[in-house]
Amino acid sequence: MIKFGPSGFCEDFLAAGHKKSEELGDWLDEHNLDAFEVSFTNGINYGDEKCKLLGDMFREHNITVSVHAPYYINFANPDPTMIEKSIGYIINSLKKMKLLGAKCLVFHPGSLMKQTREEAHARVMQNLKLLLERLNQENFDFEYYICPETMGKHGQCGTVAEIAEMCSLDTRIIPTLDFGHINSFGLGNLKTEADYEEVFQILKSFIGDRYKKVHIHFTHIEYGPKGEVKHVKMEDNPQNFGPEFEPLAKVLKKLEITGEVISESPGHQTREAVYMKNTYNGK
């Protein structure tokens, strides 16, 4: 089963006079959406009581919740002190996730810095093993997944194959497939159903049938020679940077993929989540 929803507050939510995250449950119900991504990208800014309150609301409205961890995480950093900080961001995000009732924690694996891609990826793999050891010590008593995200810039770790190899480390790691990022990194490589299906086949080659459970981000993204430039609204994309959702919707059904599709459109998250859900359901 695929669920659909936005990341954060959209323009329409604010224009309708809503100001508080506690109003999200009714808003999502009104738009027939059943997923939401809480963004801690600029820091973990919700206290425990706020998380408990929102968690109750999300459960009441049967909304599947995910969390995006801070952007500061970089498991490719050669500095052990910075790796310890990245591990801390993951652990602290998971503590908030439990209160929110969330299961998927999205994070950016890291940037190359001055390393080769091979060196940076090897370092990410090594440091993710350290993270898993720490998570075992923490002994979290709820079901959770840490979800490294495919990235759109050539200076970042996170090709489909790199993310797939990260997922091979542990069953608690599942991918966040950001198809806008994949398309940007490949300079427009996602056009047909076969293009999308290849992404899942790469996953399958690393993790077998676990490839069917994923977390998805989908937004149109402007790209240049070095990959991602910026997110754009679907209706504000005159150069048609893409990617298009319709062929992906067919592949998701064909392969019986489960998970969530989250819109990160700049301002139109709810509109585009509704469009994608309707497209997936053949409306």
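Look through 49, 22 and report the one residue that is more than 30 Å from residue 86 (Cβ to Cβ), without any contact (Cβ under 8 Å) to a residue 60 or more places away in the chain, of a type outside the set (Lys, Arg) and assigned to a helix (DSSP H, G or I).
22
Can you name the strands (runs of 3 or more DSSP E) wholly within the range 213-257 that have at least 3 residues being within 18 Å of the chain's Cα centre (by Cα) and of a type in the set (A, V, I, L, M, F, W, C)?
Filter on the range 213-257 gives 213-218.
Could you check the range 113-194 for helices (runs of 4 or more DSSP H) lying wholly inside it with 3 or more residues that are loosely packed, with under 14 Cβ neighbours inside 10 Å?
Because the criterion is at least 3 residues that are loosely packed, with under 14 Cβ neighbours inside 10 Å, the helices (runs of 4 or more DSSP H) in the range 113-194 that meet it are 117-138.
For the range 81-112, how many residues are surrounded by fewer than 19 Cβ atoms within 10 Å (Cβ to Cβ) and among the polar types (S, T, N, Q)?
3
Within the set of pairs 6 or more residues apart or between chains, which connect a residue that is touching a residue at least 12 places away in the same chain (Cβ under 8 Å) inside the range 224-241 to a residue that is of a type in the set (Val, Ile, Thr) and not in a strand (DSSP E or B) with Cβ atoms less than 8 Å apart?
Every condition considered, the pairs that remain are 231/219; 232/219.
Assess whether residue 158 counts as being under 20 Å from residue 262 (Cα atoms), of a type in the set (Gly, Ala, Ser) and touching a helix residue (DSSP H, G or I) at 6+ places or on another chain (Cβ under 8 Å).
Yes: the conditions hold for residue 158.
Condition first: surrounded by fewer than 21 Cβ atoms within 10 Å (Cβ to Cβ), under 25 Å from residue 145 (Cβ atoms) and of a type in the set (Ser, Thr, Tyr). Now tell me which residues in the range 250-279 satisfy that.
Correct list: 258 only.
Looking at (1) touching a strand residue (DSSP E or B) at 6+ places or on another chain (Cβ under 9 Å); (2) farther than 30 Å from residue 133 by Cα; (3) modelled with pLDDT of 95 or more, can you tell me which one residue 198 breaks?
(1)
Would you confirm, using the coordinates I've provided, whether residue 87 is part of a helix (DSSP H, G or I), out of contact with any Gly (no Cβ under 9 Å at 6 or more places or on another chain) and within 14 Å of residue 146 (Cβ to Cβ)?
Taking the combined requirement at face value, the residue satisfies it.
Results for (1) outside any helix (DSSP H, G or I); (2) more than 20 Å from residue 272 (Cβ to Cβ); (3) not hydroxyl-bearing (Ser, Thr, Tyr), shown as yes or no for each residue.
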| site | (1), (2), (3) |
| --- | --- |
| 36 | yes, no, yes |
| 56 | no, yes, yes |
| 62 | yes, yes, yes |
| 74 | yes, yes, yes |
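Sort out which residues of the range 82-127 are closer than 18 Å to residue 161 by Cα and touching a helix residue (DSSP H, G or I) at 6+ places or on another chain (Cβ under 6 Å), and write them in order of number.
Of everything in the range 82-127, those that are closer than 18 Å to residue 161 by Cα and touching a helix residue (DSSP H, G or I) at 6+ places or on another chain (Cβ under 6 Å) turn out to be 109, 110, 112, 121, 127.
Can you find a residue in the range 64-80 that is in contact (Cβ under 8 Å) with a residue 60 or more places away in the chain, surrounded by 15 or more Cβ atoms within 10 Å (Cβ to Cβ) and polar (S, T, N, Q)?
Looking through the range 64-80, at least one residue is in contact (Cβ under 8 Å) with a residue 60 or more places away in the chain, surrounded by 15 or more Cβ atoms within 10 Å (Cβ to Cβ) and polar (S, T, N, Q).
The values are calculated or read from the model by the stated rules, or taken from the named source; none is laboratory data. This one's a predicted model, so the numbers in the text were calculated from it and none came from an experiment. No Cβ is skipped: glycine too gets one built from the backbone with ideal geometry, and neighbour counts run over all protein chains shown.
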